[in-house]
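Engineer: Attaching a single structure in structure tokens format; questions to follow.
The values are calculated or read from the model by the stated rules, or taken from the named source; none is laboratory data. Small disclaimer: the values here were computed from a predicted structure and weren't measured. With ideal geometry, Cβ positions are generated from the backbone for all residues, glycine too; neighbour counts draw on all protein chains shown.
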Amino acid sequence: MGTVLLVGGALSVHAQPRSTPTGPRTGTLVVAGEVDKALTLTPDQLKMLPRTAVTIEEDGRPVKYEGVLMGELLKMAGAPVGPNLRGNAVSSYVVATGNDGYSAVFSIAELDPVFTRSQIIVADTADGKPLFDYQGPFRIIAPQDTRAARSVRMLEKIELVRVKK
Amino acid sequence: MKFTGSLCVAAMLFALPAVFVAAADTPARFRTWKVPATFPLPPVPADNPLTGSKVELGRYLFYDTRLSGNGTQACATCHQQQHAFTDARAVGIGSTGEPHTRGPMSLVNVAYTSFLTWADPTMTRLEDQALVPMYGDHPVELGLDNADSWLSRLAAEPRYARLFTEAYGTPDLTRERVVKALASFERSIVSARSPFDRYHFDRDDQAVSAAAKRGEVLFHSRALSCFQCHGGVNFSSAMTGEPRPRMEPEFPNTGLYNLTGALSYPPEDAGVYRITHNPRDVGRFKPPTLRNVAVTAPYMHDGSVATLDEVLDHYAAGGRTIAYGPHAGVGHDNPNKSEAVHGFTLTTDQRADVVEFLRSLTDEALLTDPDFANPWTAPATTGAESSGKAR
């Protein structure tokens, strides 16, 4: 073509290198933040809780994940769910964070079975097998999401934030 | 689902026999493909259904040097099985000696590839892509003449009468039939037998090393984010399969160059820009599959990166810096660079782990699988053997 193009450097964005790929794995799940009773759960303890299974499509194939509803974990920690989820509490949200620092946000209402049928779980098995190291031991599965960007892998922490007290 | 989700197919049972034999009521294309149950089924054009006889004809054509104008090259010249159907050169060299601007892409799992070649969002069918090396003259690759005189050379080969008849019902040789058979053979090249596959789908924990497992964690970490462009069972965002709709690949600019002047990439190949002429598309190329990446060096579209270690250098720096020469520039600052290429630091051990993970993607069985090998060096099969063969 020979066309003169102006592709200047002014648009450059200098992203900072990320220096800590992954930290030591805790192997546990912490439910904390503005809850009445913070929890630290081991994989064995999570398995003792009421189980929920969801099947999602990955690469054109169904995969059955099993675990515990996030709403159930919040209820155990004394978060305002069920009949208590009203008024200012509805503005609360949850930050889920993985071992590599990746995090995603869920409004508390979308985690409460009283409000939604979305069945967002903390999964610990896929098709009956433990999750792989790069996924587990815990991973969020949000079956209604059409992208997996909130499916936090290597999940280690769930924090409740109350916007209005 | 995006990214790692796609790799989580993992937990499903996986068993891939050496020769895939499907149930009687399985669609015909299952019987001709070594596609494990845990992989999506690649799409096939309605006007070119996959059959074993067409795949076999395509294999003969793929390895036939009569498919070049001067009889010196075949498709297999640049797409060599032992190199996962690449050629171990930086860039391809055509039948007349003319160098290409790009290295031959691996044909492994090409049936899953939503967009073909390095940087053409409009090229989606293997039947169309085959015409480029056959007839293209910028550069000349196979160098066939548009009048198709080469078909008469093929017709002189006695085996083709049988092979074309088995594939199409009559022995007629046409350009369309040749192209459809080549595309069918290419679609049959499925790589799914690597140590990674045995670990993920057979749940054989011993199939890969502890280092490879650590490398997999790093590969999928937020810091490296390799999975953003190389996710899914084919380790490429440019992947399609049934029944999921076609994905839009991102064609990322990875900061490989940052020249001063009109174009930030070498003008002989500025990526998607070559098609769109949109300045934002300068330097944008498709993320290729990483399956068998350990045997497909050198790397990048122009083969300008020699080793996997150097690939990690490039991404760790958030773009390559070239200090001297006509391509000098700081790739990190390329204005079109993808946000996914942000740079990272790795310890020596972590770097070795990532490379070990990439090596676990090598499918040794594919590299020597006789079903994908040169048929002209093997004894001719009889019609009965060929027509009934389950691939």
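Engineer: For segment B:45-66, name all the residues that are touching a helix residue (DSSP H, G or I) at 6+ places or on another chain (Cβ under 6 Å) and closer than 21 Å to B:V108 by Cβ.
Structural biologist: B:N48, B:L50, B:K54, B:V55, B:E56, B:L57, B:G58, B:R59, B:Y60, B:L61, B:F62, B:Y63
Engineer: Just checking, how many residues over segment B:68-95 are assigned to a helix (DSSP H, G or I) and under 22 Å from B:D148 (Cβ atoms)?
Structural biologist: Of the residues in segment B:68-95, 4 are assigned to a helix (DSSP H, G or I) and under 22 Å from B:D148 (Cβ atoms).
Engineer: Sticking with this one: Is it true that B:A384 is surrounded by fewer than 19 Cβ atoms within 10 Å (Cβ to Cβ), at pLDDT below 95 and not in a loop (DSSP other than H, G, I, E, B)?
Structural biologist: When the stated conditions are applied, B:A384 passes them.
Engineer: Name the strands (runs of 3 or more DSSP E) wholly inside segment A:33-105 in which the number of residues that are among the charged types (D, E, K, R) is 3 or more.
Structural biologist: Those strands (runs of 3 or more DSSP E) span A:61-69.
Engineer: Among the residues of segment B:74-94, which ones are surrounded by fewer than 22 Cβ atoms within 10 Å (Cβ to Cβ) and out of contact with any helix residue (DSSP H, G or I) (no Cβ under 6 Å at 6 or more places or on another chain)?
Structural biologist: Matches in segment B:74-94: B:T77, B:Q80, B:A88, B:R89, B:A90, B:V91, B:I93.
Engineer: Right, here's the next one. Restricting attention to segment A:125-159, report how many residues are in a strand (DSSP E or B) and surrounded by fewer than 22 Cβ atoms within 10 Å (Cβ to Cβ).
Structural biologist: Total satisfying the criteria: 6.
Engineer: Residues in segment B:301-314: is at least one touching a residue at least 60 places away in the same chain (Cβ under 8 Å) and within 14 Å of chain A (Cβ to nearest Cβ)?
Structural biologist: Yes, some residue in segment B:301-314 is touching a residue at least 60 places away in the same chain (Cβ under 8 Å) and within 14 Å of chain A (Cβ to nearest Cβ).
Engineer: Against the conditions (1) buried (at least 17 other Cβ atoms within 10 Å of the Cβ); (2) within 16 Å of A:R153 (Cβ to Cβ), where does A:V31 fall short? Just the number, please.
Structural biologist: So the condition that A:V31 fails would be (2).
Engineer: Restricting to segment B:275-310, count the residues that are of a type in the set (V, I, T) and either in contact with a Pro (Cβ under 9 Å, 6 or more places away or on another chain) or farther than 19 Å from B:T113 by Cβ (or both).
Structural biologist: 6
Engineer: Further, regarding this structure: How about segment B:365-375: which of its residues are in a helix (DSSP H, G or I) and touching a residue at least 40 places away in the same chain (Cβ under 8 Å)?
Structural biologist: Within segment B:365-375, B:A365, B:L366, B:L367, B:T368, B:D371, B:F372, B:P375 meet the criteria.
Engineer: B:G319 passes all but one of (1) at pLDDT 95 or above; (2) at negative phi; which number fails?
Structural biologist: Looking at each condition in turn, B:G319 falls short on (2).
Engineer: Against the conditions (1) touching a Pro at 6+ places or on another chain (Cβ under 9 Å); (2) crowded, with 20+ Cβ neighbours inside 10 Å; (3) farther than 18 Å from A:D124 by Cβ, where does A:L74 fall short? Just the number, please.
Structural biologist: For A:L74, the failing item is (3).
Engineer: Being under 20 Å from the mean Cα position of the chain (by Cα), part of a loop (DSSP other than H, G, I, E, B) and at pLDDT 90 or above is the requirement here; does B:F196 meet it?
Structural biologist: no
Engineer: With a cut-off of at least 3 residues that are out of contact with any strand residue (DSSP E or B) (no Cβ under 8 Å at 6 or more places or on another chain) and surrounded by 23 or more Cβ atoms within 10 Å (Cβ to Cβ), name the helices (runs of 4 or more DSSP H) lying wholly within segment B:252-363.
Structural biologist: Here the list reads B:348-359.
Engineer: If you don't mind, another one. Looking only at residues that are among the hydroxyl-bearing types (S, T, Y) and within 14 Å of another protein chain (Cβ to nearest Cβ) in segment A:96-121, which one is surrounded by the most Cβ atoms within 10 Å (Cβ to Cβ)?
Structural biologist: Among those residues, the one meeting the criterion is A:Y102.
Engineer: Is one or more of the residues making up segment B:334-344 small (G, A, S), touching a Gly at 6+ places or on another chain (Cβ under 9 Å) and within 26 Å of B:D281 (Cβ to Cβ)?
Structural biologist: yes
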